[in-house]
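These notes concern the structure reproduced below.
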């Protein structure tokens with residue numbers, strides 16, 4: 001394959017997405033789950049910027065959307081780290097399996 | 001003034017009692033003089049600087065638009081292919097290392113590798129501004145936040161919470177199937193032909209469309225950031241001790 005097209009970027013993004021989902025499923029540390037979420041958001045961003053580059057119809061739009069996603073990811077990380085710190089204050093651990101107080 | 005012993009304290013008191021009135025009078029007189037000097041200097045500076053700045057502005061405002069001409073030869077496709085495979089390889093390797101590392105600090109470091117590689121992918125996609133933002137916000141901000149979270153929430157950085165083996169096998173099967181199906185669909189799809197030789201999106205274009213077409217998402221993102229700042233400060237603050 002001697003030229004790079006849209007498909008290659010999308011496959012890389014799909015692998016990132018799978019890795020993020022796997023991390024979210026298998027980690028028990030709350031911050032590990034947060035790292036998985038960051039991977040998934042990055043895969044979405046790679047998709048957006050690749051569409052921006054290769055499709056005529058979404059020339060600037062993909063990059064704007066990617067910027068918004070980056071802002072949302074930063075906000076989400078700040079809130080999630082705050083929640084983790086509160087969890088640690090209350091339970092003295094960030095193992096998500098021990099935080100089962102709301103389970104019916 | 002800090003003195004030890006009773007004599008010192010008395011001396012200090014006497015000194016302050018003697019010095020205080022005269023000092024205050026002197027300072028007020030001196031202050032008036034200084035204030036006068038300051039105002040004089042400020043007026044002189046304004047009188048001198050304003051014509052200067054105006055002259056500079058006249059010079060700057062002159063239209064100096066030069067049509068952009070690409071001097072460099074376009075990069076060879078072979079170089080692009082090699083760079084893409086190198087960067088994509090490091091991205092995928094970093095993501096898989098994040099998956100299979102048990103230690104949370106090492107996970108964060110592999111995430112750094114992945115984020116920087118994704119920024120390189122953005123450079124290859126001719127999205128320079130997004131790549132810079134990725135490096136600054138993700139690799140510089142979010143990752144530091146995550147590492148601070150790790151430091152604040154673990155008694156030792158080597159604490160591990162292990163999932164059971166069966167869970168790992170199930171998760172690997174599900175995610176592997178997901179990636180395989182996605183890759184199959186993506187390679188089977190016929191995409192519309194891409195433009196060859198595209199110039200990089202300029203920051204001016206991005207800013208213009210952020211301020212015109214996408215002004216509402218832009219403002220909403222700003223409001224959201226403020227709400228998040230207040231909320232995160234409230235969530236992570238120290239509880240006041242109840243009396």
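The values are calculated or read from the model by the stated rules, or taken from the named source; none is laboratory data. A quick note: this is a predicted structure, and the numbers were derived from the prediction, not measured. When we count neighbours, we look across all protein chains shown, and the Cβ atoms used for this are built from the backbone with ideal geometry, even at glycine.
A compact table of results
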quantity	calculated
Tally, over segment A:1-36, of residues that are closer than 20 Å to residue B:142 by Cα, touching a residue at least 40 places away in the same chain (Cβ under 8 Å) and in a helix (DSSP H, G or I)	4
Counted residues, segment B:123-137 - those being more than 17 Å from the chain's Cα centre (by Cα) and either assigned to a helix (DSSP H, G or I) or farther than 16 Å from residue B:200 by Cβ (or both)	2
Any hit, segment A:14-28, residues being over 16 Å from residue B:122 (Cβ atoms) and touching a strand residue (DSSP E or B) at 6+ places or on another chain (Cβ under 8 Å)	yes
Complete set of residues in segment A:37-58 that are touching a helix residue (DSSP H, G or I) at 6+ places or on another chain (Cβ under 9 Å) and at the interface with chain B (Cβ under 8 Å from one of its Cβ atoms)	A:38, A:39, A:42, A:45, A:46, A:49, A:50, A:52, A:53, A:54, A:55
From A:85, A:33, A:25, residue being more than 8 Å from chain B (Cβ to nearest Cβ), in contact with a helix residue (DSSP H, G or I) (Cβ under 8 Å, 6 or more places away or on another chain), closer than 23 Å to residue B:106 by Cβ and surrounded by 17 or more Cβ atoms within 10 Å (Cβ to Cβ)	A:33
Failed item, numbered, when residue A:59 is tested on (1) within 29 Å of residue B:167 (Cβ to Cβ); (2) not in a helix (DSSP H, G or I)	(1)
Residue B:152 being surrounded by fewer than 17 Cβ atoms within 10 Å (Cβ to Cβ) and within 26 Å of the chain's Cα centre (by Cα)	yes
Test: residue in segment A:83-100 that is more than 15 Å from the chain's Cα centre (by Cα), under 17 Å from residue B:129 (Cβ atoms) and without any contact (Cβ under 8 Å) to a residue 40 or more places away in the chain	no
Boolean, residue A:6 is in contact with a helix residue (DSSP H, G or I) (Cβ under 8 Å, 6 or more places away or on another chain), buried (at least 17 other Cβ atoms within 10 Å of the Cβ) and modelled with pLDDT under 90	yes
